[in-house]
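Here's the structure we're looking at; comments come further down.
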Amino acid sequence: MNIIQNNARFITLEGVDGAGKSTHLNWLAERLRSQGKQVLLTREPGGTPLGEALREMLLHQAMHLETEALLMFAARREHLDKVILPALAQGTWVVSDRFTDASFAYQGGGRGLDEARLQILEQWVQKDLQPDLTLLFDVPLEISRQRLAQNTSLDRFELEKQDFFQRVKQAYLKRAAQFPQRIRVIDSGRTIEEIQVELENIISSL
Ligand code: TMP
């Protein structure tokens, strides 16, 4: 539940690499803006100068899996402090390309880090703050892999094998089952127009 006492909402987009979330990010932000809302579009890891520097390392340097998890949450702490919380406090809607569900999916599911450790970091870094809405873009892995194959410069995560992505996908779906009020699973194997109709319905209920 959002702890901020105004109408601003915190929306996150999630999904395995190649699931198609990026296609919908800008559309969603524009749609909200056209309804007269102030909208800030941001991303994780990243969103602040320090977070973007950490992103560079996270995406390109080999590291211990606990280092990876700690850096993801370090970037998030900064992101919350410098960007997300101030924006929400001013009544600006925040749309973030990934947030903590990605840590549970990638570091937890993909790399096998103990979920209890992630929960401790989550509590430490964000206390009770959770997104108001999370859109989880889901496609069969064959499709997301095909999309990634068209990309010529893949990062450390995108270069992972099929079974890694299978675990990430399962972990995301497990989160969606755990938090059905917050996480909406979007079948992104459909046309862009069909998905936009569904997104429109979802945001109108916020
Ligand atoms: P992007 O490709 O969506 O920009 O995300 C960068 C990568 O970072 C993506 O492969 C997922 C990964 N990631 C994690 O492993 N854990 C996290 O907590 C976040 C936010 C991203």
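Looking at the range 123-168, which of its residues are within 13 Å of the ligand (Cβ to nearest atom), of a type in the set (G, A, S) and more than 19 Å from the chain's Cα centre (by Cα)?
Passing the criteria: only S153.
Among the listed residues E68, E78, identify the single one that is within 9 Å of the ligand (Cβ to nearest atom) and in a helix (DSSP H, G or I).
Only one candidate qualifies: E68.
M57 passes all but one of (1) at pLDDT below 95; (2) within 13 Å of the ligand (Cβ to nearest atom); which number fails?
Unmet for M57, out of (1) at pLDDT below 95; (2) within 13 Å of the ligand (Cβ to nearest atom): (1).
Take the range 87-108 and flag every residue that is near the ligand (Cβ under 6 Å from one of its atoms) and among the aliphatic types (A, V, I, L, M).
A102
The values are calculated or read from the model by the stated rules, or taken from the named source; none is laboratory data. Here the structure is a predicted model, which is why all the values come from computation and not from measurement. Quick reminder, even Gly has a Cβ in these numbers, built from the backbone with ideal geometry, and neighbours come from all protein chains shown.
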